[in-house]
Amino acid sequence: MAAQMTAAVLHGREDLRIEQVPMPRAGRGEIVVRVHAALTCGTDLKVYRRGYHARMLKPPIPFGHELAGTVHEVGRGVTAFRPGDRVVALNSAPCGECYYCLHDQENLCDNLLFNNGAYAQYLLIPARIVEKNTLLIPKLVPFEHAALTEALACVVRGLDECQPRSGDTIAVIGAGPIGLMFMRVAQLAGLKVIAVVKRDEQVAAARQFGASRVVQIAEAKDPIAAVRVLTPGRRGVDIAVEAVATPLAWQWAVEMVRKGGTVNFFGGCAEGTKVELDTNRLHYNNITLRSSFHHTPAAARKAFDLIVSGRFPCKDTITSRAPLAELERVFRRLMNRAGDIKTAIIP
């Protein structure tokens, strides 16, 4: 009988089961990683609620994508890693050959290879990800900190696409894990951060992650005006980032930004969602609209450097820990907005 391991398998909407599945074996160019920490994230929560992901997941399928661990087995031809190495493996890798890869848009690769199944004792890392997006973790960096690389890489790339300049003012709508990461990365880049949050506990979190001013929706009759009044001449912010994934927040972002400013619609709304925008304002105010998706190998390495250097506050980002057996309870807590930012699942 083949060796078995414990893993989380998504079977559908809010149907997550901890099961015994076959232990992976490394083929040519592949490695098997023993998972030491896998992190929850907003994307996983959306997938859990919806029961699928249009690009990455169709159930039943192993679940989770932010992880770090040690190399358990290496396949034929692998020379960069050996058993016992501490590694973080990203959840995707581009082909490097298609039209988009050749035009520096690797996140849009026609053959982008995704990998899921981080909520498990072991995970097989495909050869392309081993080659392009697996990094050695220095000894003093905790596994759960290194596992932040994937989510942080998306944020790093999202901010870079806004072409920020030191001294710019940025409004970040949303104080979930991604919104908070945006705040800290923006602060590290020398930006002044205005956070737009909903709940009381998010006010303190936003300040902790770098916001110099916080607008709480419940306290502001008009969040757009409340943000604008915090800018010189009420002209609006230089950059507005939407990190909530609601049509209303998309509209707010457009109205908060100054003439010539940039909006990043970072939050991915549900399929089929429509948004109404003021075309007159967009055109005559020369507003740039961007929608950042995913990450690239370069962004992953830039994010990894922020973690390894200690500049990004990993300890503040991972607010709880739980064993694999309690994963569904963790997601139900996240659905009830328990106040946790990220939970480290320890298989």
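No lab work stands behind these numbers, since they all come straight from the coordinates. Everything numeric here is computed off the predicted structure, so don't read it as measured data.
Taking the chain, how many lysine pairs are there with alpha carbons less than 17 Å apart, if each pair must be eight or more places apart or span two chains?
6
Rounded, prolate or oblate: which fits the range 19-103, taking a ≥ b ≥ c as square roots of the Cα gyration tensor eigenvalues, rounded meaning a/c under 1.5, else prolate when a/b beats b/c?
oblate
Go ahead and set up a Gaussian network model of the chain, Cα springs under 10 Å, then flag whichever of Arg281, Arg157, Arg228 fluctuates most.
Among Arg281, Arg157, Arg228, the largest GNM mean-square fluctuation belongs to Arg281.
So, how do all the Cα-to-Cα distances of the chain break down into 20 Å bins, in percent, from 0 on up?
Cα pair-distance distribution for the chain, in percent: 30, 57, 12, 0.
Tell me, what ³J(HN,Hα) does each residue in the range 84-99 have, in order and in whole Hz, if you take phi through Karplus 6.51 cos²θ - 1.76 cosθ + 1.60 with θ = phi - 60° and put x for Gly and Pro?
Here the 3J(HN,Hα) series is x, 4, 8, 9, 10, 10, 5, 8, 7, 7, x, 7, x, 10, 6, 3 Hz.
For the chain, what is the percent of antiparallel DSSP beta bridges, rounded to the nearest 5?
55 percent
Can you work out ³J(HN,Hα) from phi for every residue in the range 232-243, in order, using Karplus 6.51 cos²θ - 1.76 cosθ + 1.60 and θ = phi - 60°, giving whole Hz and x for Gly and Pro?
After applying 6.51 cos²θ - 1.76 cosθ + 1.60, I find x, x, 6, 6, x, 7, 6, 9, 10, 10, 9, 10 Hz.
Going by Cα centres, the range 165-219 and the range 268-347 are how many Å apart?
Spelled out, the Cα-based centre of one part sits 13 Å from the other.
Under the rule a/c < 1.5 gives rounded, and otherwise a/b versus b/c splits prolate from oblate, where does the range 155-290 land using the Cα gyration tensor?
Cα axes put the range 155-290 in the rounded bin.
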